[in-house]
Amino acid sequence: MSLLVDIFSVIAISAGVFFYLAGTVGLLRFPDTLSRLHALTKADNLGLGLVVLGLLPRAGSPLAALKLLAIWALVQLASATTAQLIGRAVRRKGRVA
Amino acid sequence: MILVQALDLGLGLLVFAVGAWTVFARGPFAATVGYVVYGLLLSLVWIRLFAVDVALTEAAIGSGVTGLLLIGAAARMRDAETTAHEKPLSGPLRLAIAALCVLVALALAAVVLLLPDNGPSLAPQSLHHLAETGLGNPVTAVLIAYRAFDTMLEKVVLVLAVVGVWSLAQDRYWGGAPGEARAERPEPTLAFLAQVLAPLGILVGVHIFWVGADEPGGAFQGGAILAAMWMIVMMARLSEAPATRARWLRLALIAGPVVFLAAGVAGAVFAGGFFAYPPGFAKPVILFIEAFMVLSIAVTLPMLVTGPPRRETRQ
């Protein structure tokens, strides 16, 4: 049972790290601000979500697991808002391309 | 274990690289972003050193509030650059500043490296007397009990900083409100964030203050989170910065140091020494002081960030 949980954690966290890597590559390689934002937010949400998913079975108590989920939800909120704000600022300046 | 050491080494190198990037960054805004990242990485370093209290403070104050202050300064400098033509610093002066900074860094590094392997430590005594304070977190015991006087003076310094910022106001705006008047329409995205985040953040801030008695956390960290919530509500233009002459604002600013000092004087009368706490009753007194410190910090930090009064408000 504990082996299964370990395998689950390793797979989920590795997948999360992969999304972070993909997001970072996108941030460095994509041509303009809006597509870079696109790469970044997707990577943050999915990457962190998978890392949290992998850590959930290892959280000692239900309260700790709930805190992990709350951190994920708060980061979602913050990153979605920041992406919107940066996107708006870019549009207002007319530098979409 | 090798893997953990490799990660620590990587983290250390990353801190160094981001620090160097910040120093050589073009323009104040890029340097500020670098500085914020540097602070967040530094708080990870503190966590690796098992100093969670310091990590929380570094993330909240060192990176968060200082970052906001620097962004505000960078924005004001950019405005000033377009209006006034100030001469940039001359080459030799820049070199002299750099040399001085390197000298200070080298001296600090030398001091750290010259420390004996088992440096003098008060940690055993601090843990030994922890039970007498009724607290479970030795950091809080150091801050509010063992060196209470220092902590009280730090709060006075914060009030002086606000007085200093307000003193930059023009005479006709003295007592008025800082910042621009509220815009007609608030930015909808930011308003949404503020509405969702502020209630949660207030809960987290109070929680961090409350658990600070026994676990990592405390008045400063909790107060900084509450301050951040007020700042985000003001940035989203859901509420305006109050007039600096407002009685409640000024009372909230000084409540922390005043209650702290009063508790210290009461200690001299009832417990046999300045800043002595009555035996068996220390924890309630400490939490009482901390509650008012949280209030003062939550009000002080936004007042530092919003800056001097810049418009008149009717009384």
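Packing around the peptides B:39-48, A:64-73, taken as the average count of other Cβ atoms within 10 Å per residue, puts them in this order, highest first: B:39-48, A:64-73. All Cα-Cα separations within chain A were binned at 5 Å from zero, giving a P(r) of 3, 14, 18, 19, 16, 11, 8, 6, 3, 2, 0, 0, each value a whole percent of the pairs. Think of it as helices only: each DSSP H run of n ≥ 4 in chain B is worth -39500 (n - 2.57), and spread over all residues that comes to -23000 deg cm²/dmol at 222 nm.
Take each residue in B:97-110, count the other chain C-beta atoms within 10 Å of its C-beta, and the mean is 0. Sorted into 10 angstrom bins from 0, the C-alpha pair distances of the range B:246-315 split as 19, 38, 24, 13, 6, 0 percent. For the range B:124-176, the list of chymotrypsin sites (Phe, Trp or Tyr not before Pro) that fall in a loop by DSSP and count at most 15 other C-beta atoms within 10 angstrom reads B:W174. Listing A:R92, B:R311 from fewest to most neighbouring C-beta atoms within 10 Å gives A:R92, B:R311. Structural descriptor for chain A: relative contact order 32 percent, calculated from alpha carbon pairs under 8 angstrom and at least 6 residues apart.
The mean number of Cβ atoms from other chains found within 10 Å of a Cβ in peptide B:189-197 is 4, as a whole number. Calculated FRET efficiency, A:L69 to B:A98, Cβ-Cβ distance, R0 = 51 Å: about 0.60 to the nearest 0.05. Above 36 Å, the calculated P(r) of chain B contains 29 percent of its Cα-Cα pairs. In sequence order, the range B:53-64 has phi-based couplings of 4, 5, 4, 4, 5, 4, 5, 7, 8, x, 8, x Hz under the Karplus curve 6.51 cos²θ - 1.76 cosθ + 1.60, θ = phi - 60°, and Gly or Pro positions carry x.
Taking other C-beta atoms within 10 Å as the exposure proxy, B:I225, A:I11 rank A:I11, B:I225 from fewest upward.
Once every Cα of the range B:85-184 carries one equal point scatterer and solvent is ignored, give the base-10 log of I(q)/I(0) from the Debye formula at q = 0.18, 0.21 Å⁻¹, two decimals. Values returned for q = 0.18, 0.21 Å⁻¹ are -1.01, -1.07.
In the range B:1-81, the inverse of the mean reciprocal separation of distinct Cα atoms equals 13.5 Å; this is its Kirkwood hydrodynamic radius. Couplings 3J(HN,Hα) of the range B:236-245, computed from phi: 6, 6, 7, 8, 8, 4, x, 5, 6, 8 Hz, in residue order, whole Hz [Karplus 6.51 cos²θ - 1.76 cosθ + 1.60, θ = phi - 60°; x for Gly and Pro]. Spherically averaged projected area of the convex hull of Cα atoms, the protein assembly as shown: 26.2 nm². In terms of surrounding Cβ atoms within a 10 Å radius of their Cβ, B:F24, B:F192 rank from fewest to most as B:F24, B:F192. Simple rule: put +1 on each Lys or Arg Cβ and -1 on each Asp or Glu Cβ in the range B:1-81, find the dipole, and look at B:G12, B:I2, B:F29; the Cα lying farthest toward the positive end is B:F29.
Basic side chains Lys and Arg get +1 at the Cβ, acidic Asp and Glu get -1 at the Cβ, and with that the dipole of the range B:1-81 about its Cα centre reaches some 160 debye. For the range A:27-39, putting each phi into the Karplus relation 6.51 cos²θ - 1.76 cosθ + 1.60 with θ = phi - 60° gives couplings of 4, 7, 9, 5, x, 10, 4, 5, 6, 5, 4, 4, 4 Hz, in residue order, rounded to whole numbers and with x for Gly and Pro.
Across the range B:132-315, Cα-Cα pairs farther apart than 27 Å form 35% of the total.
Once backbone amide H atoms are built at 1.01 Å from N, B:A177 has B:T244, B:R310, B:R311, B:T313 as its partners under 5 Å, excluding neighbours fewer than 5 places away on the same chain.
The dipole here belongs to the protein assembly as shown: it is taken about the Cα centre, uses +1 on the Cβ of Lys and Arg and -1 on the Cβ of Asp and Glu, and is about 1460 debye. Computed from the Cβ-Cβ distance with R0 of 60 Å, the FRET efficiency linking B:A75 to B:I2 stands at 0.85. What is the percent of Cα-Cα separations in the range B:199-243 that go past 13 Å? The proportion of pairs with Cα distances above 13 Å equals 54 percent.
Charges were assigned to the Cβ only: +1 to each Lys and Arg, -1 to each Asp and Glu. The resulting dipole of chain B about its Cα centre is roughly 900 debye.
Coordinate-derived values only; no laboratory data. As the structure is a prediction and not an experimental result, all values here were calculated from the model. Note that each Cβ is placed from the backbone with ideal geometry, even for glycine, and that neighbours are counted across all protein chains shown.
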